[in-house]
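Contents: one structure, followed by commentary.
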Amino acid sequence: MDPTSVSEGENVTLTCRTNCTLDPITAYSWYKNGQPIPNSNTYSPVYILFTVSSEDTGRYSCAVEGHEDLPSAEVTLTVRYGPKNTSVSVSPSGEIVEGSSVTLTCSSDANPPVDKYTWYKKNVTSPKASGQSYSITNIISEDRGEYYCEAQNGRGSMNSTALMIIVAGDPQQEVMPQQTHSVHPDPNSDTYTALNMKTRSPEYDTLANVRDSPTVTIPQIDAEASDYEN
């Protein structure tokens, strides 16, 4: 049977059908990828998957209780979702020196697969490149910075976390420590007299004191149980 595709967040109804009418049917058992689904037995032929996610992708089948050896044919359910777990890796790793080259690669989990990758550098408006890989050749100090990718498919988009590229030999800004001098003026000198606030004129004091200031679509999937002998 062709796969049935739904979008993440929708509800999916599975219906089990059988042509057997001899014995009363008390319950139905449900399976995913050939394994029983925990706590999935139902008294009606309907099993609902609420708010499906990527983890619900798989092959589903059902059987009538007491006849688990005669399960229905499997129905394949696929779930469409936007990019997840988007990340960036760099090769080669380790120290990057001027004149060398590196390749950044973007990876993301998505269904349908990502169809567009775009590369950005933080604080730069225009995209740097497109494609799953981005190569920076003949690196210079100006290439240092944080790079990230955006992954897109028909369901949405997601940015990766940023990866810092540090180029060895970048000029570093050196901060000169401020030096503090201890002054012990001679009280008898003219310089001390000039700096002594008590000796300033009222006009100077005045100047010195101036300071700067939901309708949700519910697809139905029919899984027909195989006839069993009555």
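Under 5 Å between amide hydrogens, built in the peptide plane, is the criterion, and for Lys128 it picks out Trp119, Tyr120, Lys121 among residues at least 5 positions away or on other chains. Using the Cβ-Cβ distance between Arg144 and Glu55 with R0 set to 25 Å, the FRET efficiency from 1/(1 + (r/R0)^6) comes to roughly 0.05. Of the GluC sites (Glu not before Pro) found in segment 87-146, those that fall in a DSSP loop while having at most 10 other beta-carbon atoms within 10 Å are Glu95.
FYI, it's all coordinate maths here, none of it is from the lab. All of these numbers come straight from a predicted model, not from anything done at the bench. In this analysis, Cβ positions are derived from the backbone assuming ideal geometry, glycine residues included, and neighbour counts consider all displayed protein chains.
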